[in-house]
Every structure is written in structure tokens, then in C-alpha cells.
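As C-alpha cells, the structure follows; a few thoughts come after it.
The values are calculated or read from the model by the stated rules, or taken from the named source; none is laboratory data. Predicted model, so just to flag it, every value in this text is computed and none were measured. Because the Cβ atoms are built from the backbone with ideal geometry, glycine has one as well, and the counts that use them run over all protein chains shown. Accessible surface areas use protein heavy atoms only, side chains included; no ligands, DNA or RNA. Shrake-Rupley method; radii C 1.70, N 1.55, O 1.52, S 1.80 Å.
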Amino acid sequence: MRKLEHGLTHTHEEDFINWDLATLSKAIRNKQLSPVNVTNQLLKKIKEEDGRFNSLITVTAEEAMEQAKKAEREIKDGELRGPLHGIPIAIKDNIYTEGITTTMGSAIFKEYTPDHDATVIKKLKEAGAIFLGKLNMHEVAYGTSGDRSFAGPVKNPHNTNKITGGSSSGSGAALAASFCFGALGTDTGGSIRIPASFTGIVGMKPTFGRVSNFGVFPLAWTLDHVGPMSKTVRDNAILMNVLAGYDENDPYSIDIPTEAYTALIGTDIKGAVIGIPSGDFFKGVDPEVEEHYLKAIKKLEEAGAEIKSVNLPDMEEILAAFRTTLTSEAYTLHEKRLHDYSSEWDDEVRARLFTAQDTHATQYIAAQQIKKQAIRGFEKIFTEADIIVTPTVPILPVDIGQREITMNGSTIHSSQVLNRFTGPFNLTGLPSLSMPCGSSETGLPIGIQLIGKAFDEANIYRFASLLEQP
């Protein structure tokens, strides 16, 4: 490294591009690295390499460099704002950024520029984060594959023929490609956790109401969550420390104290109880996914946790109620737009939205009753277990554009499979995190999902940090 005139230092790209956020933050805080140099190198990398992955729709190079220069001046003057100060991150393109085009992955909004920031953006700005750009996504966040956007499909950095999962497809790909040190995603049925699983990163869907949705373009009001995506568990908790909190501008925000989400990372889990699903829960799960899941469970057991089989509420019924809620709310939101901008929609997304036309109010009301029963059912389980652990997705990433999957001798649509284990926890609002737990023989990432009781994110990070250890 060579010394700069202002007291910070430069280092070679290969020394920091693949670092995690926590390591980079320490180096910047200790004035061993320049935020300007880090940002410049990342922008260069994005320009040279993102043509292969298509993870970003808008790169805000000029704004990012100005933010980096400001962060550098503040750090030089000893005005440290916290661990995100000077850290380059990227934002899913359905989260409003004042003065910066926000497309929702849709041709309908390709020129839309918000006049205000989302609450989460305000929080990140106050923390001193640097915004590299807006991330590609499945059109209007309505898809689990991540390959339907007016800007083209996002390609998985582990195999560019494969999907990243959606709808936070660009968020997963950008982190896997080391274009940023953290990202924001949104999750209505698995849209943070599915791409986290398929790209080998960490993604948290917080408790419903824990992180503000104000200034985030909705898909389904009672299912939408904003959450952090990162390279490591600790990085994710660092981001959560900034994002969480009550917001009076969000009618669904819950006024409950936040925690120090890094506080339990690395602490003992001896005597803790891990709930694993009983019955035919694993029917149709890919053998490689199940193999790595069981290895992770064994690791928790070897660390002193008790493994307990638990009877989950009727997951098929909950999944059906989730899908009724999602389609009904999404159609209500987009009904006028579907007619006014008929030719500008992606055909698949448009057709999927129209499936809710024949849903009756009685079906929606019945789904809300199932939701209440499911919440009570999981509350009972959490009197017996500290967390529940499942695979994140039952299968490995499929090819871009592939929609038919053979499972248990039957051919079914991929959308019926990809959110099978994630969607129920949007209906219940319970916090759940996906993290890597191995790779297939062909090198495709496999994810594991940790589910906790409401507002117990810090405890989820505790278990996840153990699984992350070599």
C-alpha cells in the first residue's frame, strides 16, 4: 500500500475486492483504505464485467464518487458515522432514490424518477454508505426466477446459463460477482432468500414491520419486506443495525425496540433446540439439497444443540393462502395499469397478474383466517424450539427461461416450486434468513433457511454464524 497525501492509503484491487463488509469497514476506519479508491475500483469492475451478468440497470458512477469523496473527507477529519461509512453498496430498483431513475424492472417505469428517498435509503445515507447504482430485478418484483425484466435476464455468476432466483436477482448476482459489499432486496414470497440461496450469499427477510417499507414500490401490501443481502452473516447483521426501526410513515411498521443484531454472533448454542420438519416435508427435495441440509443440521448438533422433529402447521394450506393473498393484492395494485399499458408488460408477468381476476373476496378472507391460525401454530412450535431450519429452495437453479420442472414423476411450473419453503413465512411475517450450506457437484450454491420467532433476528444470526464457521 502507498500513503496518500490526506492520510488514507491505496491498495491493489485484488487485496480488497473480495473482502467482506466488516473487514473493509475496519480498514477504512483505520485509514488503511481510501473509500475513493475502493469505489473507483468497483465501478471499473462493474463496467468491465457486468455485461456477463446484467446485475445493474443504472450505475450511478458520478454520484458514487461524490459520496466517496465526502466520506473520505469526514473520515480524515475523525467524523466517523459507523461501520457503513464509506462502504459501497447497491440498491434494488424498486426502492425509491431521489433524483435517480427507479424502474421496478419494467418498461412502464423506465423513465420514472422519484422525488424522495425511501426510509431505508435515508438511513443508509445517514450511516455514510455509498450507492453504486440500482439493481436489476424481476418485473415489478413479481417472479421467483429473476429472468423477466425489461433490461433482460440476470445471469448467475456461478453459471451464466442458470437463473439467480428472484425477484432480487441483481442483488444476489452483484454480491456474488463482488461488485458491492452489501445490497438491499425486497421479499414478498422469497425474493431475498431465493436469490441468496442460488447465488451463495446471505439474505435476511426480517419480521414483518421491523424494517420500513415507506418509499418502496409495493407488490402485496401485507406480504412485502425489505431486507439486507450480504456476503457474510456478520455483514448482514451490520446492515440490519442500520435498517431496522419504527417508521410512522409506514402504516405496517411496528413500534418495538430494535436490537444490536451483531450481539449474539459467535456465542454458544449448547442446549438450544433446533426444530426440523417432520412428515413428508422433504418429498420432492433434490437429493443434493437434502444432503447438504443434513450436514448443516449435523454441524449444529455437534455444536451442542438438540435436534428436535417438529410438526409444522399444514404447510400446503399456508402456501395456498399465501398465494391467494399475493395474487389478490398484486392484481388490485396493478389492475388499471394492466389495461392502460397492456403492450408494455412482459407477457408472463402480465398473464400471472391476470390469474387473480377470478379470485373471490371470500377466498381472500379465508386466506387471512388461515394466516391467523398459522401464526398461532408457529408460536406454539417456538415454545419448544429456538429456531426452525429448512432448505431454502427444494431444487438447484434451473436454466434461464425454463419453466417446467419434473418432480415426483409430474411436470409442474417452476413458480410452484421455488417459493415452496419461503412463501409461508411471508404470510406469517416471521423472520427468516438464507445462507450458503454447500454446493452441488456442478458448483451451484445450495442454501439453508433459518426461521425464528417474531422479532428474534439477533438469535437467527447467532445460529447462522456458527454454520458459517469452517
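List of remarks:
- Given the choices (i) 51; (ii) 54; (iii) 59, percent of Cα pairs over 27 Å apart derived from the coordinates of this structure is entry (i).
- Here the extension length gained between residue 30 and residue 302 equals 94.2 nm, from 0.36 nm per residue of separation less the Cα-Cα distance.
- Part-to-part distance (alpha-carbon centres) for region 198-246 and region 438-468, which is given in Å: 15 Å
- A straight Cα-to-Cα reach below 18 Å connects residue 453 with the lysines 205, 308, 371, 372, 380, residues fewer than 8 places away in its own chain not being considered.
- Using the Cβ-Cβ distance between residue 268 and residue 294 with R0 set to 22 Å, the FRET efficiency from 1/(1 + (r/R0)^6) comes to roughly 0.45.
- For residue 282 and residue 336, a Förster radius of 56 Å and the Cβ-Cβ distance give a FRET efficiency of 0.85, rounded to the nearest 0.05.
- Mean ellipticity per residue at 222 nm, deg cm²/dmol - from DSSP H runs of n ≥ 4 across the chain, formula -39500 (n - 2.57): -11000 deg cm²/dmol
- Cleavage-rule hits, trypsin sites (Lys or Arg not before Pro), region 96-133, DSSP coil, Cβ neighbours within 10 Å at most 15: 110
- Longest DSSP-loop-exposure-free segment, GluC sites (Glu not before Pro), the chain, at most 14 other Cβ within 10 Å: 112-247
- Taking the accessible area of region 238-390, probe 1.4 Å, and keeping the other protein chains in place, the carbon and sulfur fraction comes to 49%.
- Net length gained if the chain between residue 372 and residue 357 were fully extended (0.36 nm per residue, minus Cα distance): 2.9 nm
- Area accessible to solvent at residue 113, 1.4 Å probe radius, in Å²: 60 Å²
- Inter-label distance, nm, simple model (7 Å from Cα along the C-beta direction), residue 47/residue 403: 3.9 nm
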